[in-house]
1. Taking only the stretch 44-57 into account, find how many residues are open to solvent by 20 Å² or more (accessible area, probe 1.4 Å) and touching a residue at least 24 places away in the same chain (Cβ under 8 Å).
2. Suppose we filter Gln115, Gln61 for residues that are open to solvent by 30 Å² or more (accessible area, probe 1.4 Å), of a type outside the set (Ser, Thr, Tyr) and farther than 19 Å from Phe156 by Cβ; which single one remains?
3. Does Ser123 qualify as being more than 23 Å from Ala49 (Cβ to Cβ), small (Gly, Ala, Ser) and open to solvent by 60 Å² or more (accessible area, probe 1.4 Å)?
4. Identify the residue in the stretch 129-153 that is under 21 Å from Ala47 (Cα atoms) and without any contact (Cβ under 8 Å) to a residue 60 or more places away in the chain and, among all such residues, is surrounded by the fewest Cβ atoms within 10 Å (Cβ to Cβ).
5. Do we have any residue at all in the stretch 88-95 that's among the charged types (D, E, K, R) and surrounded by fewer than 18 Cβ atoms within 10 Å (Cβ to Cβ)?
6. Only one residue in Gln69, Gln109, Gln61, Gln83 is modelled with pLDDT under 95, in a helix (DSSP H, G or I) and either more than 14 Å from the chain's Cα centre (by Cα) or polar (S, T, N, Q) (or both). Which one?
7. How many residues are out of contact with any helix residue (DSSP H, G or I) (no Cβ under 7 Å at 6 or more places or on another chain) and open to solvent by less than 70 Å² (accessible area, probe 1.4 Å) if we restrict to the stretch 64-73?
8. Where residues in the stretch 127-162 are in a helix (DSSP H, G or I) and among the aromatic types (Phe, Trp, Tyr), which of them is nearest to Gln115 (Cα to Cα)?
Amino acid sequence: MVKRKETNTHRFKGFSERIAAIKIDVTHKIQRSTETPEDEDTFFCEALAKWTELNCTLHFQSFDSEVRQYVQSLAQLVHHKQQVIELLKTHLQVPGSLALETLLDLVVQLARDLQADFYPNFSSFFNIFVFLLNRCWQDTHVLECLFTTLSYLFKFLWRYMVKDVKEVFR
């Protein structure tokens with residue numbers, strides 16, 4: 001009888017170990033950081049198309065069907081920015097959503113497209129993120145997605161935050 005040597009590659013990791021293993025590096029990440037959308041496309045629309053293929057949850061399909069009419073071009077996105085922002089806020093707060101990672105990425109892409117027009121909504125999104133952190137504090141994947149989202153938002157909105165530093169700290 002041959003004894004198998006057990007490896008620790010599949011052992012249970014505690015919460016602290018999982019948190020310590022999270023690596024967020026938005027400054028060196030190559031993922032589309034220098035690319036610009038073609039013609040009238042937007043980062044938001046490209047991400048929406050990507051997630052439509054990757055996320056088949058009912059919750060995301062519901063969001064997609066509601067938002068798609070507003071985001072066919074940059075001009076349309078800018079014109080309907082408030083509707084898109086409100087839809088994102090609403091869908092981010094759905095308890096137990098399986099589309100949370102997708103929606104967080106879409107928030108980043110919207111901020112990337114709108115920049116100064118997005119910044120006035122940063123604090124309300126930040127409050128939603130804090131709510132999600134309080135609700136999902138034991139889910140390391142959600143924590144990583146939220147902190148990655150915040151990192152990207154800081155990266156794309158830092159110019160506006162510097163001008164408004166007192167409000168940012170508040």
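1. So the count comes out to 5.
2. On inspection, the qualifying residue turns out to be Gln61.
3. So Ser123 passes the test.
4. Among residues in the stretch 129-153 that are under 21 Å from Ala47 (Cα atoms) and without any contact (Cβ under 8 Å) to a residue 60 or more places away in the chain, the one surrounded by the fewest Cβ atoms within 10 Å (Cβ to Cβ) is His141.
5. For the stretch 88-95, residues among the charged types (D, E, K, R) and surrounded by fewer than 18 Cβ atoms within 10 Å (Cβ to Cβ): present.
6. The conditions single out Gln69.
7. Residues in the stretch 64-73 being out of contact with any helix residue (DSSP H, G or I) (no Cβ under 7 Å at 6 or more places or on another chain) and open to solvent by less than 70 Å² (accessible area, probe 1.4 Å): 1 in total.
8. Ranking the candidates gives Phe156 first.
The values are calculated or read from the model by the stated rules, or taken from the named source; none is laboratory data. Predicted model, so just to flag it, every value in this text is computed and none were measured. Using ideal geometry, Cβ is built from the backbone for each residue, glycine included, and neighbour counts are taken over all protein chains shown. With ligands, DNA and RNA removed, areas are computed over all heavy atoms of the protein, side chains included. Shrake-Rupley method; radii C 1.70, N 1.55, O 1.52, S 1.80 Å.
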